[in-house]
Each structure stands twice: as C-alpha cells, then as structure tokens.
Amino acid sequence: EPEVTQTPSHQVTQMGQEVILRCVPISNHLYFYWYRQILGQKVEFLVSFYNNEISEKSEIFDDQFSVERPDGSNFTLKIRSTKLEDSAMYFCASSEDLPSGPYNEQFFGPGTRLTVL
Amino acid sequence: AQSVTQLGSHVSVSEGALVLLRCNYSSSVPPYLFWYVQYPNQGLQLLLKYTTGATLVKGINGFEAEFKKSETSFHLTKPSAHMSDAAEYFCAVSGRHTDKLIFGTGTRLQVFP
C-alpha cells in the first residue's frame, strides 16, 4: 500500500542552525502539507502546497520557514535558523486531486521529531 | 474561524466495553469533520469523515461518529473495545474553502483486559 515517508525520524540540532525535513509523498498525489505538534499540544497546520507554490499558510509559517519540491518525488520543509520553540513533531501529508467529492483525504507520514538544543 | 475541543485527554475502558470519545467543534461555515487515529511511531490515519449527507458515518475498525449540528458535536463511538484500539485519537475540522485541517488536542485511549 502506498504511504508517505519522512526522513529523518529524529533530528537534533543546535539553536540557530538550519534544518531540512524531508518527505516523499504518495506518487500520484498533487497536494502537499506540513503540520507540526509541539509536545502536549495540538497538531497545527503550517502550509499547503500545490502546483509548485504555496496555496495556504498559517501564522506560524513565517520567513524562517520555506517549502520546496526539488524534484518529482521529494517535498521539503526548511527552517533557516531554528529556535528552541521549533522543537516539535513535524508531519507531512499528501492528497490526490480528485475532480469529484468535496474532500480529498490527506495521508500522513509518521513524522520527524525535531529537537532544538 | 474554526476550532475543535476534545474532552478528556485520556480515556480508559475495559476490553469489550463501549468506547466514547468526545469532540465539539466551532465553525462559522458548514464543517467537514474527521477522526484520525495515531498508533505508536506511525502517522495519522483517517478513521472516518463527515462532509455532507448522512449524519451517522461509519469508519474503519468498527468505529462510527454522528454529526449533531444542534449540539456542535461529532463524538466517536465503538460498541466493544479491543486491545488493538489503544492509540491516540484526534478530531479535526475543515471547510469548503480550505483543505487545511484544524485538530483537537487528542485523546489517548487505553484498553485494559
């Protein structure tokens, strides 16, 4: 069964360093998302991406964050200068572009746990 | 604005007992409502969803939920808990003009033999 994969599963970095979190969405999917969950808090939407551009982003997704689809398979989230408060589980998701139906299911990856020291 | 409240961060039931996980939502537009489950070290998996039509929706693994507009609720139930149901459950809301999901804080379900 196709699935969304994420690497690494756990990333430890020093405050101020740049990190890149990688995701491989399901191959025929066209919509891509990043969410994050700070320990003990809600899963929060960060950004959605379609047709090589951001379609929607939250207030959390400031200039320190960027997303990219560098090739036909990967979808990345970059944090330019990490802060302690960026420590969280980051989930990638993807969905198809179905012409019918009101909602396209988002399939989630297992997450990358980012720890900023 | 949309939001979701899940009552009870932890719920414990005996195997074979009824499972009831509560979710209330707030939305200024007709909502789409979802329940996701997360097993340890895995991603979020969609259990069931309500978009339009029948208000009682059935999902995988014997779970179901009922959309009650008058109560702004979308509680998740299962008649008989199984040990394999132990996981974290998330309620989420979305809408017609956005596909972003807004999640609740989650409920950890424990099932005792």
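Looking only at the range A:34-50, decide whether some residue is within 11 Å of another protein chain (Cβ to nearest Cβ) and out of contact with any strand residue (DSSP E or B) (no Cβ under 6 Å at 6 or more places or on another chain). Yes, that holds for at least one residue. Screening the candidates B:V29, B:V11, B:V111 for the property of being over 22 Å from A:Q41 (Cβ atoms), touching a strand residue (DSSP E or B) at 6+ places or on another chain (Cβ under 7 Å) and at pLDDT 95 or above yields one hit, B:V111.
Does the range A:23-53 hold any residues that are among the small types (G, A, S) and open to solvent by 10 Å² or more (accessible area, probe 1.4 Å), and which are they? Within the range A:23-53, A:S27, A:G40 qualify. The set of residues in the range A:76-90 being more than 22 Å from B:F90 (Cβ to Cβ), assigned to a strand (DSSP E or B) and open to solvent by less than 20 Å² (accessible area, probe 1.4 Å) consists of A:T76, A:I79.
Go through the range A:6-22 and give me each residue that's touching a Cys at 6+ places or on another chain (Cβ under 9 Å) and open to solvent by less than 60 Å² (accessible area, probe 1.4 Å). Correct list: A:Q6, A:L21. State which residue is surrounded by the fewest Cβ atoms within 10 Å (Cβ to Cβ) when the search covers only the range A:54-66 and only residues that are within 21 Å of A:T5 (Cα to Cα) and away from chain B (no Cβ under 14 Å). Restricting to residues being within 21 Å of A:T5 (Cα to Cα) and away from chain B (no Cβ under 14 Å), the top hit is A:S66. Being outside any strand (DSSP E or B), touching a residue at least 24 places away in the same chain (Cβ under 8 Å), away from chain A (no Cβ under 14 Å) and open to solvent by 30 Å² or more (accessible area, probe 1.4 Å): is that true of B:S28 here? So B:S28 fits the description; yes.
Tell me, please, whether a residue that is outside any strand (DSSP E or B), exposed (fewer than 12 other Cβ atoms within 10 Å of the Cβ), touching a residue at least 12 places away in the same chain (Cβ under 8 Å) and within 14 Å of chain B (Cβ to nearest Cβ) can be found in the range A:91-104. Within the range A:91-104, one or more residues are outside any strand (DSSP E or B), exposed (fewer than 12 other Cβ atoms within 10 Å of the Cβ), touching a residue at least 12 places away in the same chain (Cβ under 8 Å) and within 14 Å of chain B (Cβ to nearest Cβ). Scan the range B:68-113 for residues that are of a type in the set (F, W, Y) and within 14 Å of another protein chain (Cβ to nearest Cβ) and jot them down. Passing the criteria: B:Y89, B:F90, B:F103. Being surrounded by 14 or more Cβ atoms within 10 Å (Cβ to Cβ), in a strand (DSSP E or B) and of a type in the set (D, E), is that true of even one residue in the range B:55-66? Checked the range B:55-66: at least one residue is surrounded by 14 or more Cβ atoms within 10 Å (Cβ to Cβ), in a strand (DSSP E or B) and of a type in the set (D, E). The residue that is most open to solvent (accessible area, probe 1.4 Å), counting only those in the range B:31-54 that are in a loop (DSSP other than H, G, I, E, B) and within 13 Å of chain A (Cβ to nearest Cβ), is B:N41. Among the residues making up the range B:67-88, a single one is among the aliphatic types (A, V, I, L, M), under 26 Å from A:Y90 (Cβ atoms) and open to solvent by 20 Å² or more (accessible area, probe 1.4 Å): B:A86.
The values are calculated or read from the model by the stated rules, or taken from the named source; none is laboratory data. For clarity, every value in this text was computed on a predicted model and none was experimentally measured. Glycine also receives a Cβ, built like all others from the backbone with ideal geometry; neighbour counts cover every protein chain displayed. Protein only, heavy atoms only, side chains kept; ligands, DNA and RNA dropped before computing areas. Shrake-Rupley method; radii C 1.70, N 1.55, O 1.52, S 1.80 Å.
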